[in-house]
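The values are calculated or read from the model by the stated rules, or taken from the named source; none is laboratory data. Predicted model only: the values in this text are computed from it and were never measured. Neighbour counts are summed over all protein chains in view; Cβ atoms, including those assigned to glycine, are modelled from backbone coordinates with ideal geometry. Surface accessibility is based on the protein's heavy atoms, side chains included, excluding ligands, DNA and RNA. Shrake-Rupley method; radii C 1.70, N 1.55, O 1.52, S 1.80 Å.
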Amino acid sequence: MKRIFTIVALLMFTWVTAAQAGPTVAIVKSNNHELVGKSWQFKDWHMLPQGPPWAKGKYWYPVWSRKSELEIEKMVQKAVELAGGLPVEKGDVVWIKTNAVASFNLILGTGKTSNEEIQCYNTDPRIVRAIALLAKKKGAKKIYIAEGPPDADGIANMKTYGYEGVARETGAELYCTNSAPYKWYKPERPLALKEYALPVVMVEEANKIISVSPMKTHYLTGITGTLKNQAIGSAPNRVYGIPKVGLPHNQISEIICDIVSIKKIDFAVISAIWGCEGHGPTKGDPVSMDLVIAGRDPVAVDTVETMVMGFKPENYGHIVLAEQMGLGTMKDIKVVGDPIQKVMKKFKPCPKELRAPNAWGRISAWE
């Protein structure tokens with residue numbers, strides 16, 4: 001059965017080959033799962049807050065080995081190099097949009113609190129660290145690591161999931177989009193709303209946008225990728241409410257494309273040390289992947305991510321619509337590093353009874 005699926009998959013992916021001349025997307029896999037996947041530990045969350053000396057006694061904080069940190073740094077460096085390099089120059093202001101998806105209180109309520117489950121819902125901070133170090137090395141004047149979770153303060157969430165140490169080492173500033181100063185900005189060709197409240201720093205100060213998204217399923221859009229990560233996480237709760245109910249969920253694909261068109265993504269990264277299948281984004285099950293996927297075209301990166309999950313990207317409306325809007329392409333992708341067929345695993349989609357209506361995400365099929 002596995003052999004049959006592999007053959008079918010290879011036929012599916014004939015239009016994404018290393019020989020074609022479209023955007024480049026790099027896939028890098030670690031062969032040491034015990035190192036990169038198991039060393040991250042969210043210790044003793046049910047007792048007292050733990051963590052490094054500067055965090056101990058203040059809030060929960062994960063720990064990981066220095067060796068794993070360096071291994072993931074090598075993975076990111078290789079992926080970025082294969083994808084054509086990080087498009088950051090001396091003096092740039094870099095906005096790294098991560099995904100610290102929800103408050104730990106919400107995660108506690110799901111009952112899914114294993115190290116693997118917590119990791120699969122969130123962007124791995126070790127990957128963001130490596131990206132920030134590369135941006136710093138290239139001369140970035142300022143680096144923001146930003147998040148706006150639907151139910152919590154972004155800075156508190158990032159601290160909880162391991163980002164304060166990243167900021168300390170890289171000189172980056174943790175930035176909460178939910179409480180940030182904002183203005184109203186208009187898409188050139190609006191699809192859902194005529195204007196959007198977005199952080200001034202992101203739109204007017206930052207000149208390089210990097211979206212670093214987890215690999216996971218989602219009950220609204222089918223999958224979470226770099227497009228959705230940048231768009232929905234940048235919209236402030238102080239305007240749109242909790243959980244961002246002011247953004248019409250029944251037009252989620254259009255919302256994603258509108259916001260990304262206002263401030264386009266310059267570099268896209270999929271954090272996939274652990275992936276999430278089933279009831280994503282915060283109630284799914286972990287899948288061991290040990291991957292970093294990267295490229296300059298976010299539509300191409302999300303297309304490859306979807307294929308690696310064993311799904312058909314043409315079934316997911318926000319990816320198709322983003323291509324139609326000129327935000328990137330799904331076609332003629334040059335995959336470098338590890339081939340899709342080597343790293344692909346068949347993820348379980350969100351269960352039928354838990355999915356939003358297909359029309360909300362322009363989803364033609366969930367697989």
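Annotations for the structure displayed:
- Qualifying residue in the range 152-163 (condition: modelled with pLDDT of 95 or more and charged (D, E, K, R)): no
- Inter-residue pairs, beta-carbon under 6 Å, first within 19 Å of Pro87 (Cβ to Cβ) and in the range 184-209, second of a type in the set (A, V, I, L, M), 6+ apart: Glu205/Val93; Ala206/Val93; Asn207/Val93; Lys208/Val88; Lys208/Val94; Ile209/Ile265
- Test: residue in the range 243-251 that is farther than 24 Å from Lys186 by Cβ, modelled with pLDDT under 95 and assigned to a loop (DSSP other than H, G, I, E, B): yes
- Flag if Ile131 is buried (at least 24 other Cβ atoms within 10 Å of the Cβ), touching a Gly at 6+ places or on another chain (Cβ under 8 Å), over 18 Å from Lys244 (Cα atoms) and aliphatic (A, V, I, L, M): no
- Flag not set for Glu169, criterion: open to solvent by 10 Å² or more (accessible area, probe 1.4 Å), acidic (Asp, Glu) and within 17 Å of Gly91 (Cβ to Cβ).
- Gly280 touching a residue at least 60 places away in the same chain (Cβ under 8 Å), open to solvent by less than 30 Å² (accessible area, probe 1.4 Å), part of a helix (DSSP H, G or I) and touching a Lys or Arg at 6+ places or on another chain (Cβ under 7 Å): no
- Hey, Leu291 hydrophobic (A, V, I, L, M, F, W, C), buried (at least 18 other Cβ atoms within 10 Å of the Cβ) and within 20 Å of Asp124 (Cα to Cα) or not: yes
This table checks each residue for (1) farther than 28 Å from Gly278 by Cα; (2) out of contact with any Lys or Arg (no Cβ under 8 Å at 6 or more places or on another chain).
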site: Lys74; (1), (2): yes, yes
site: Ala79; (1), (2): no, yes
site: Asp92; (1), (2): yes, no
site: Thr98; (1), (2): no, yes
site: Lys112; (1), (2): no, no
site: Glu117; (1), (2): no, yes
site: Asn122; (1), (2): no, yes
site: Arg126; (1), (2): no, yes
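- For the range 218-241, the condition of being closer than 21 Å to Arg126 by Cβ, in contact with a strand residue (DSSP E or B) (Cβ under 6 Å, 6 or more places away or on another chain) and of a type in the set (A, V, I, L, M, F, W, C) holds for none of the residues.
- Enumeration of residues in the range 203-230 that are open to solvent by less than 10 Å² (accessible area, probe 1.4 Å) and within 9 Å of the chain's Cα centre (by Cα): Ser211, Val212, Ser213, Pro214, Met215, Lys216, Thr224, Gly225, Thr226, Leu227, Asn229, Gln230
- Selection count where residues are buried (at least 23 other Cβ atoms within 10 Å of the Cβ) and either part of a strand (DSSP E or B) or over 16 Å from the mean Cα position of the chain (by Cα) (or both), scope the range 260-270: 4
- Matching entry among Ala300, Ala359 (being in a helix (DSSP H, G or I) and under 20 Å from the mean Cα position of the chain (by Cα)): Ala300
- Whichever residue in the range 332-356 is within 18 Å of Ala26 (Cβ to Cβ) and in contact with a helix residue (DSSP H, G or I) (Cβ under 7 Å, 6 or more places away or on another chain) and, among such residues, is surrounded by the most Cβ atoms within 10 Å (Cβ to Cβ): Ile333
- For the residues Glu305, Glu314, the requirement of being open to solvent by 10 Å² or more (accessible area, probe 1.4 Å), at negative phi, outside any strand (DSSP E or B) and not hydroxyl-bearing (Ser, Thr, Tyr) singles out Glu314.
- Scanning the range 57-80 for residues that are within 21 Å of the chain's Cα centre (by Cα) and without any contact (Cβ under 8 Å) to a residue 12 or more places away in the chain, we see that the one that is least open to solvent (accessible area, probe 1.4 Å) is Leu70.
- Qualifying residue in the range 286-294 (condition: assigned to a helix (DSSP H, G or I), in contact (Cβ under 8 Å) with a residue 24 or more places away in the chain, touching a strand residue (DSSP E or B) at 6+ places or on another chain (Cβ under 9 Å) and acidic (Asp, Glu)): no
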